[in-house]
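Note sheet for the following structure.
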Amino acid sequence: MAAFQADLPDKHALGDSWGLGWIRYDWAGHRLIGHDGNTIGQSAFLRLLPEQGLAVALLTNGGSPRDLYQDLYCEVFAELADVEMPLPLTPPAEPVTVDFEPFLGTYERAGALVAVFRGEDGARLRHTVTGALAEMLPEKVQEYALVAVESGLFVVRSTVGRGWLPVTFYALATGEEYLHFGGRATPKVH
């Protein structure tokens, strides 16, 4: 189940590829597998390092779960396995100028409507939760400034915690355009 099945279009939010139900991670040349999950008010992180028989699970129900995951797993894997966790994606030290015109538009999937548009200060992303989940959330809409890392790859400042979240734009071999954000692929509809 941990064998390679498919590449991931966004190598920064999750791992680099999928197995069967497992996310595959390359941490400094060490192959880890795992799976994360989120629901309203809860987050879970699981990483296994089969070569050393190490498994680490983190279950949270509040606070800044991604920050806790980064801090805890960085320390645990360095101490117990001498494996360095990759640093999370952040904006480049020097601003990067890219053409974001090709990415402007509306992206939609079950549970989410995402608009990428030109704001007063540059490219922006507006994420709206839709459907049954929207009824349970007090805040249905979040808006972010898109900060370019390279063409097709941006980051936005997380609304929870201190980190940045990757936003990847890509097209399938058949031409359909997608935005990958929050661990989800969302097709462009306009």
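Computed from the coordinates by the stated procedures, all read-outs in this text should not be read as laboratory data. Quick caveat, the model's predicted, so the values are computed rather than measured. Glycine gets a Cβ as well: all are built from the backbone with ideal geometry, and neighbour counts include every protein chain shown.
Any idea how far apart ASN61 and THR39 come out in nm if each label point goes 7 Å out from Cα toward Cβ? Calculated label separation equals 1.2 nm. Relative contact order for the chain: 15 percent, from Cα pairs under 8 Å spaced at least 6 residues apart, divided by residue count. A Förster distance of 30 Å, applied to the separation of the beta-carbon atoms of ASP121 and ALA78, puts the FRET efficiency at 0.20. Computed extension gain for GLU139 through ASP26, at 0.36 nm per residue and net of the alpha carbon distance, reaches 37.2 nm.
In the distance distribution for region 125-190, Cα-Cα pairs more than 20 Å apart total 34 percent.
Gain on full extension, evaluated as 0.36 nm per residue between ALA93 and GLN52 minus their Cα-Cα distance, stands at 11.2 nm.
Helix 65-81 axis versus longest C-alpha principal axis of the chain: approximately 30°, rounded to the nearest ten. For region 129-190 versus region 15-81, the spacing of their alpha-carbon centroids is 21 Å.
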